Amino acid sequence: MNMPGSTTALLQGTLDVLILKVLALEPMHGLGISRRIAQVTRGTFQVKPGSLFPALHRMEEAGWLISSWGESEANRRAKFYRLTKVGRRQLRDETEQWARISSAMASALETP
Amino acid sequence: MSVWHRLKTLWRNLARKRVVEEELDAEIRSYREILEDEKMRTGADPSAARREALLELGGAERIKEEVRDIRLGGTLEAIGAELRQSFRGLRRNPGLTFLGTVMLGLGMGASTLVFSIFQAALLKPLPFRAFGEPAPSHCATFQ
């Protein structure tokens, strides 16, 4: 598994695409998003509220997400975020871009 | 991002600031409560859960500040705050404010005066008809 030191550094732009990705499945509240990101990246990315909330609000203002208040698991009121149509398109674009970047990086780093 | 969506967001952020702020506060509070529930499910007693949740959240005010910074219209808001603070500073120090105003007034008055003289003496043509044009041929000229 990963070293504790390697859990914090998030590449610029990574957080947005991860949030879009986990919200593509179902609407979630802040903590749910953070936990799901940790889960799908096998603990590599622990998103702190200090970066999560600004990102969520920025993405909502950009029209990628919309939020509404709802009931969480334990009857707590929570703000749930879900993707808009624009958000889905953004996810598709960014996924393609990441595929290009990661294959380019992989081939560059494998070259002896 | 559509212009309509931007305008709506900007209007909400500036005109209904109190609602936006209350909602942000409620959102962060709910995050903390769900975090506490999670800690208690894993066996922490309520006070420990509360402490751990607060620790993991980090300062709520700092988070709010960062959200405010990215908001649409956040720059306008910040400029407004700067202006208000400057005016308070001026009000606290009326002598200096008066002196500054008088200095600025004198400076502007003096420049205007000098330019008025310069314009009247050198730039404006003298008040004769067709001043600056060659004299018509029927006019007597000195040979």
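Quick one: in the stretch B:100-117, which of the residues that are open to solvent by 100 Å² or more (accessible area, probe 1.4 Å) and not β-branched (Val, Ile, Thr) is nearest to residue A:61 (Cα to Cα)?
Checking each candidate, the answer is B:104.
Checking residue A:66 against (1) more than 17 Å from residue A:22 (Cβ to Cβ); (2) in contact with a helix residue (DSSP H, G or I) (Cβ under 9 Å, 6 or more places away or on another chain), only one condition comes out false. Which one?
Of everything listed in (1) more than 17 Å from residue A:22 (Cβ to Cβ); (2) in contact with a helix residue (DSSP H, G or I) (Cβ under 9 Å, 6 or more places away or on another chain), residue A:66 misses just condition (1).
Go over the candidates B:66, B:52, B:38 one by one and state the one that is within 17 Å of residue A:29 (Cα to Cα) and either at pLDDT below 90 or open to solvent by less than 70 Å² (accessible area, probe 1.4 Å) (or both).
So the residue among B:66, B:52, B:38 that is within 17 Å of residue A:29 (Cα to Cα) and either at pLDDT below 90 or open to solvent by less than 70 Å² (accessible area, probe 1.4 Å) (or both) is B:38.
Looking at the stretch B:74-95, can you tell me whether even one residue there is closer than 24 Å to residue A:53 by Cβ and within 11 Å of chain A (Cβ to nearest Cβ)?
yes
Scan the stretch B:9-26 for residues that are facing another protein chain (nearest Cβ under 10 Å) and either out of contact with any helix residue (DSSP H, G or I) (no Cβ under 7 Å at 6 or more places or on another chain) or open to solvent by 50 Å² or more (accessible area, probe 1.4 Å) (or both) and jot them down.
Residues satisfying the conditions are B:10, B:12, B:23, B:26.
Looking at the stretch A:11-46, which of its residues are touching a Phe, Trp or Tyr at 6+ places or on another chain (Cβ under 9 Å) and of a type in the set (Phe, Trp, Tyr)?
Across the stretch A:11-46, there are no qualifying residues.
Would you confirm, using the coordinates I've provided, whether residue A:47 is touching a helix residue (DSSP H, G or I) at 6+ places or on another chain (Cβ under 6 Å), within 17 Å of residue B:38 (Cβ to Cβ) and more than 10 Å from chain B (Cβ to nearest Cβ)?
Spelling it out, residue A:47 is indeed touching a helix residue (DSSP H, G or I) at 6+ places or on another chain (Cβ under 6 Å), within 17 Å of residue B:38 (Cβ to Cβ) and more than 10 Å from chain B (Cβ to nearest Cβ).
From the set of residues in the stretch A:1-52 that are of a type in the set (Gly, Ala, Ser) and closer than 23 Å to residue A:93 by Cα, which is modelled with the lowest pLDDT?
Only one residue fits best here, namely A:13.
The values are calculated or read from the model by the stated rules, or taken from the named source; none is laboratory data. Quick caveat: nothing in here was measured; it's all calculated off a predicted structure. Neighbour counts are summed over all protein chains in view; Cβ atoms, including those assigned to glycine, are modelled from backbone coordinates with ideal geometry. Each accessible area value is taken on the protein alone, full model and side chains, heavy atoms only, with ligands, DNA and RNA left out. Shrake-Rupley method; radii C 1.70, N 1.55, O 1.52, S 1.80 Å.
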